[in-house]
Amino acid sequence: MTSMYDKLIFNLSTEGSEGISLPENDVPDFDFRHGLAEELLRKTDPGLPSVAEPEVVRHFISLSLKNHHIDRGFYPLGSCTMKYNPKINEDLARLDGFVAAHPHFPDSLVQGTLSLLFELQDMLREIAGMDAVTLQPAAGAHGEFTALLMIRAYHNHQKRSPMKIILPDSAHGTNPASVAMAGYEVVQIKSNPEGRVDIDQLARHCNDNLAAFMLTNPNTLGLFESEIQKIAHLVHGAGGLLYMDGANLNALLGITRPGDMGFDVVHFNMHKTFSTPHGGGGPGAGALGVKSNLEPFLPIPIVARKQDRKGTDYFFQDYKRPLSIGKVHSFFGNIGNLVRAYCYIRNLGAAGLSEVSETAIINATYLREKLKSRFELFFKGETMHEFVLSGNKQKARGIKTLDIAKRILDFGIHAPTVYFPLIVPEALMIEPTETESKASLDNFIKIMFQIDDEIDTDPENILSAPHDTPVSRLNEALAAREPDISYQE
Ligand SMILES: *Cc1c(COP(=O)(O)O)cnc(C)c1O
């Protein structure tokens, strides 16, 4: 459905329309250009749209309805953990004390915020079994990059400069990108036939030149790396460090901890596991937990606590860390994400967090067991919070995974992650999360079976899908390179 309010807001502009009406000016005019350098002054009008408040509201509501989001329907996007975010955490993150605090306030005026951040560091430390935490990185990928800088600082401190970072072939794309950005070289190792790390291959690369091994556990196939202790032993034996991509922490809360498995550093995706909605391009948070060997290199500042003369707690930003890699984010990091994460963890408590992961695993296992009767389960192991199907059998009947993904959209459901991880042909990576009801899961199973039936009864209907979305199939490369966002009558 298109609406006249879908036009660009600039095209909705009508001269004389206004969103607000101010009283007549009753003080002398002041020329704000006064004192500004000539070259800083604008030569042309900024051309801002003149639109009345109701039109502005209709414009943005209409656009929001064109998007799929977790508050609208099921979103089984594997790896991304698109789960429902409790609204209470939104309310709390919007409290004036957090929102209105100026980032330049001295520590003494933001004791509440600092004590929350201190406690959050502590809770994440406990959840992951690590020794220290930084809350600064702004995303998972930024956490990876920060960790790699710390890994380099650690090796340099020991007068070493190994250059290789090992990654399994199931790694998320941000891993090799972060490695390249940090100036390291990627060594990719193949997964074994079960979809896990091939220990013999890993062993061959464990030498003097190994800086770190980056691993996702459970890996992106949803499989727990059962040889993790052996892996840790091999990597540490070569003088390397073990990095955990913790974006899949939704599978582990209260069940096991990266620190206990032998990881030296782990990043948390607050916007996947801890109650920040994502997918809209808003800010994220990719806190990092580290073992004591990496602690001196954490970015500054760390939120610390001391007692004042009266014995009361005083929280402050600790900048006196001589081996720190420096700053990676302005001020405190993305506070809204951190407040939501704090509230989410406090709200659920330890027992609640365990239940999150147990339910996420049960939901995924239920879907996997139902769907595998029609879709090939390429790697057969016991998966955790997500699993990867192959559309091989469907492709043999003329319908590719991409076509299935497009047809799913007609049912008000976001498509699973497709064609990732690369080691599964025609991959459909499904992560239902713990916040879906059995009815919602059953509905998804019914739709997947219906689409599978349709391959034989009405393949044209799949090939021409989606039918009910604002736009149907796009030339995706062209749409990304030359986006046409204008309104079509
Ligand atoms: C999402 C994800 C990342 C990257 O996190 P961003 O916050 O998107 O940068 C890294 N690894 C895995 C496995 C992920 O799912």
Quick one: check the C-alpha center-to-center distance for region 291-306 versus region 255-276, whole angstrom. 17 Å
The chain, helix-only ellipticity at 222 nm - DSSP H runs n ≥ 4, -39,500 (n - 2.57), divided by all residues, nearest 500: -11000 deg cm²/dmol
What is the Rg over Rh value, at two decimals, for region 88-346, using alpha-carbon atoms and the Kirkwood definition of Rh? 0.98
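For the cross-link pairs K272/K327; K370/K438; K393/K446; K230/K291; K159/K320, which exceed 21 Å when the distance is taken from alpha carbon to alpha carbon?
Flagged as over cut-off: K272/K327; K159/K320.
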Charges only on Cβ, +1 for Lys and Arg, -1 for Asp and Glu: so what's the dipole of region 88-346 about the Cα centre, in debye to the nearest 20? 540 debye
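Quick one: of the DSSP bridges fully inside the chain, what percent are antiparallel, nearest 5?
Counting DSSP beta bridges with both partners in the chain, the antiparallel share is about 60 percent.
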Among 420-433, 306-319, what's the highest-first ranking by average C-beta atoms within 10 angstrom per residue? 420-433, 306-319
Stretched fully, the stretch from D200 through Q450 gains (0.36 nm per residue minus C-alpha distance, one decimal, in nm) 85.7 nm
Pairwise FRET efficiency - D26 versus A351, Cβ, R0 = 60 Å, nearest 0.05: 0.45
How big is the C-alpha Rg of region 377-417 next to the rule-of-thumb value 2.2 N^0.38 Å, as a ratio? 1.31
Putting +1 on Lys and Arg Cβ atoms and -1 on Asp and Glu Cβ atoms, find which of A465, P416, G391 reaches farthest to the positive end of the dipole of region 358-479. G391
Mind ranking 390-399, 269-278, 27-36 by how tightly packed they are, going by the mean number of other C-beta atoms within 10 angstrom, highest first? 269-278, 390-399, 27-36
All-pairs Cα distance distribution in region 255-358, expressed in whole percent, bin size 5 Å: 2, 10, 15, 19, 20, 18, 10, 4, 1, 0
Any idea which of H278, I189, L367 is furthest toward the positive side of the dipole for the chain, if Lys and Arg beta-carbons carry +1 and Asp and Glu beta-carbons -1? I189
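Under a point-charge model restricted to the Cβ atoms of Lys and Arg (+1) and Asp and Glu (-1), what is the dipole moment magnitude of the chain relative to its Cα centre, in debye to the nearest 20?
I would put it at about 1580 debye.
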Dimensionless Rg/Rh of region 329-421, both radii on Cα and Rh by Kirkwood, sits at 1.12
Suppose a student asked you for the relative contact order of the chain, using Cα pairs under 8 Å spaced at least 6 residues apart; what percent would you report? 19 percent
Rg [Å, one decimal], Dmax [Å, integer] - region 358-479, C-alpha atoms: 14.2, 42
Treating only the Cα positions of region 128-224 as identical point scatterers, give the base-10 log of I(q)/I(0) from the Debye formula at each q in 0.14, 0.17, 0.21 Å⁻¹. -0.56, -0.82, -1.18
Seen from all sides and averaged, what is the projected area of the convex hull of the Cα atoms in the chain, in nm²? 30.2 nm²
So Y319 and L63, fully extended at 0.36 nm per residue minus their Cα-Cα distance, gain in nm 87.8 nm
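Any read-out appearing in this document is the output of simple, stated calculations on the displayed coordinates, not a laboratory observation. Predicted, not measured: the structure shown is a model, and the values here were computed from it. Cβ: placed from backbone, ideal geometry, glycine included. Neighbour counts: every protein chain shown.
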